[in-house]
1. Could you figure out which of (1) at pLDDT 90 or above; (2) under 15 Å from Val6 (Cβ atoms) isn't true of Ile118?
2. Name the residue that is modelled with the lowest pLDDT, counting only residues in the stretch 149-161 that are under 19 Å from Gln129 (Cα atoms) and open to solvent by less than 70 Å² (accessible area, probe 1.4 Å).
3. Please return the ranges of strands (runs of 3 or more DSSP E) entirely within the stretch 1-120 where 3 or more residues are open to solvent by less than 40 Å² (accessible area, probe 1.4 Å) and β-branched (Val, Ile, Thr).
4. Which of the residues belonging to the stretch 136-148 are part of a loop (DSSP other than H, G, I, E, B) and at pLDDT 95 or above?
5. Taking the condition of being among the basic types (Lys, Arg), more than 23 Å from Gln129 (Cα to Cα) and touching a residue at least 60 places away in the same chain (Cβ under 8 Å), how many residues in the stretch 46-86 meet it?
6. Mind listing whichever residues of the stretch 121-143 are open to solvent by less than 30 Å² (accessible area, probe 1.4 Å) and among the hydroxyl-bearing types (Ser, Thr, Tyr)?
7. Can you pull out the residues in the stretch 123-135 that are in a loop (DSSP other than H, G, I, E, B) and either under 18 Å from Glu48 (Cα atoms) or in contact with a Gly (Cβ under 6 Å, 6 or more places away or on another chain) (or both)?
Amino acid sequence: MMRVLVCFKVVPDLEMLSEEDWVSGPELRVDVSFVRNILNCFDESALEMALKLSDYSKAINMPIKLTALTIGDKKSDIYLKTLNALRFDKTVRIESNEDISFLPEVTAAVISQYIEDINNQDIVILGRQSSVADNAKTPLLVAEMLGWPCITQVIKIEPDKED
């Protein structure tokens, strides 16, 4: 059985902000508390890719166990329930009430620690970057912390039918 971990982030829908909303307050942050939350678009693609891989694997009788992981507060729970309904075998939320959007090394350390503690993931899939913070460092840092190779710009995964 192949074990696939997909990491995702719940982010504010920045499309809902008007031009006036982009004015930052004294703490130099834009208030996004009133906008709805959505799945980060790059992570949504990663989740979809994992589901397609699972579908492919059934056709060649190669079982895959899908796990979805997010770091955040309870606003992520609705997405975890949705992913359970979409055939993810396990969903995990690591509690964090702090904003780590601009701290990719903290995010990567938490993900890496989870993977080391579980010690049974064959593949880890992360979206390329987040629509909030937009630094694109987290996948690279996770690979570095685990000592694993990192493949970027992947648009499709299929199991090898030869094996």
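The values are calculated or read from the model by the stated rules, or taken from the named source; none is laboratory data. It should be emphasised that the depicted structure is a prediction, and the values quoted were computed from it without experimental measurement. All Cβ positions, glycine included, derive from the backbone under ideal geometry; neighbour counts span all protein chains shown. When the accessible area is computed, the model is the full protein with side chains, heavy atoms only, and any ligands, DNA or RNA have been set aside. Shrake-Rupley method; radii C 1.70, N 1.55, O 1.52, S 1.80 Å.
1. Every condition holds for Ile118 apart from (1).
2. Step one: list which residues in the stretch 149-161 are under 19 Å from Gln129 (Cα atoms), which gives 149-157.
Adding the requirement that they be open to solvent by less than 70 Å² (accessible area, probe 1.4 Å) leaves 150, 154, 157.
Numbers: Cys150: 94, Val154: 90, Ile157: 84.
Residue satisfying both the conditions and the ranking: Ile157.
3. Working: elements: 2-8, 10-12, 37-39, 64-72, 90-95.
So the answer is 64-72.
4. Kept after step one, since they are part of a loop (DSSP other than H, G, I, E, B), are these residues of the stretch 136-148: 136-137, 147-148.
The answer is Gly147, Trp148.
5. 1
6. Within the stretch 121-143, Ser130, Thr138 qualify.
7. Keep residues of the stretch 123-135 that are in a loop (DSSP other than H, G, I, E, B), which gives 127-135.
Correct list: Gly127, Arg128, Gln129, Ser130, Ser131.
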